[in-house]
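The values are calculated or read from the model by the stated rules, or taken from the named source; none is laboratory data. Predicted model, so just to flag it, every value in this text is computed and none were measured. Every residue, glycine as well, gets a Cβ built from its backbone with ideal geometry; the counts of neighbours run over all protein chains shown. For accessibility, only protein heavy atoms count, side chains too; no ligands or nucleic acids. Shrake-Rupley method; radii C 1.70, N 1.55, O 1.52, S 1.80 Å.
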Amino acid sequence: IEELLEENIEIPLVISDQLMPGMKGDELLKQIHAIIPKTLKILLTGQADADAVGKAVNNANLYRYIAKPWEPTDFNLTVTEAVHSYFQEKELTEFYADLEKKVAKRTEELKQKNEFLGIAVHDLRNPLAAIRGYAEMIKGDYNETTLEGDTFDLADQIINSSQYMIELIEGLLEVNQIETGKMNLSLCVMDILPILQWLTDHYTELAKAKGITLQFQCIEKSYNILGNENSLRQVLDNLISNAVKYSPYGKSISVRLNEDDKWIRCEIQDEGPGLSDEDQQKLFLQFSRLTPQPTGNENSTGLGLFIVKKLVDSMRGKTCATVF
């Protein structure tokens, strides 16, 4: 066997008798297994030697034992199956080894891409904030009567466009943190009610601009959860702002907080156009654009609900969307 291996000759199968002068078959197969463990082994025995078969199974990874006298058809079929099994296993091993190399290479490429994206996006944030700041200075120093032509409106457009880009960049930075595993949330016991109450009060004034009534319903008590305050605030802010953003003028939004034996549940219900089956499938996907559009020309990056889902999952919560 050692000579064959030195000549790079492959040995798919070894067939050994049990009773031989000098060494028994189970011991021979054990020693062969130590040299070429992937080679399959068949033991021939003329006696019902369960001990020898057990040793060969445990120490030599025995493929099969065949009792004498054997049937030629059965013997030939066993050898054929063994050789086929050996080469099939070899192909699978090579396939998975190649796949592992490709996965490692792709992982490294994605890591480099994410690092580059993180640097590029981070460096874009400051210039965009400066552009927005300059446009706000123009609006602050002048008014529609002192600025010539459409300059005042153009300043407004610069502010809105730069704000949209800043929101997109912040979303991309957060997605990058999620995908690179850098977002490690520290969780603590906290009351969800004050956060939800503050956000509802805040968006009540914004909703009035669209004639929308924002109602908050809950029993006054503590609603303690295990979560991260900043992430929870971001999740609830996104969901309530989405309800305001996509609700038609003159409608109502209900924010409810309740508790059962297992869960504390926050429900945000609006009277918008709803979601099709196709939209529901894409609801929490990255950069997904759904059929409903903001009703007041607000911006949408397509990242908000993707980030919401990731943050909720990180806090071991659950998200769901229901269409009535």
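Each row is one residue, and each column tells you yes or no for (1) under 30 Å from Asp17 (Cα atoms); (2) touching a strand residue (DSSP E or B) at 6+ places or on another chain (Cβ under 8 Å); (3) open to solvent by less than 70 Å² (accessible area, probe 1.4 Å); (4) outside any helix (DSSP H, G or I).
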position: Ala56; (1), (2), (3), (4): yes, yes, yes, no
position: Phe75; (1), (2), (3), (4): yes, yes, yes, no
position: Thr93; (1), (2), (3), (4): yes, no, yes, no
position: Tyr96; (1), (2), (3), (4): no, no, no, no
position: Val103; (1), (2), (3), (4): no, no, no, no
position: Glu108; (1), (2), (3), (4): no, no, no, no
Consider the stretch 289-316. How many of its residues are among the hydrophobic types (A, V, I, L, M, F, W, C) and either free of Cβ contacts under 8 Å to residues at least 40 places away in the same chain or not in a helix (DSSP H, G or I) (or both)?
3
Restricting the stretch 171-193 to residues that are in contact with a strand residue (DSSP E or B) (Cβ under 6 Å, 6 or more places away or on another chain) and assigned to a loop (DSSP other than H, G, I, E, B), the residue that is modelled with the lowest pLDDT
Leu187
If the requirement is being touching a Cys at 6+ places or on another chain (Cβ under 9 Å) and either of a type outside the set (Lys, Arg) or not in a helix (DSSP H, G or I) (or both), which of these qualifies: Leu196, Leu206?
Leu196
In this structure, does Asp277 turn out to be open to solvent by 40 Å² or more (accessible area, probe 1.4 Å) and touching a His at 6+ places or on another chain (Cβ under 9 Å)?
no
Ser222: passes all of (1) surrounded by 15 or more Cβ atoms within 10 Å (Cβ to Cβ); (2) touching a helix residue (DSSP H, G or I) at 6+ places or on another chain (Cβ under 8 Å) but (1)
Looking at the stretch 233-255, can you tell me whether even one residue there is in a strand (DSSP E or B), more than 30 Å from Val189 (Cα to Cα) and modelled with pLDDT of 85 or more?
yes
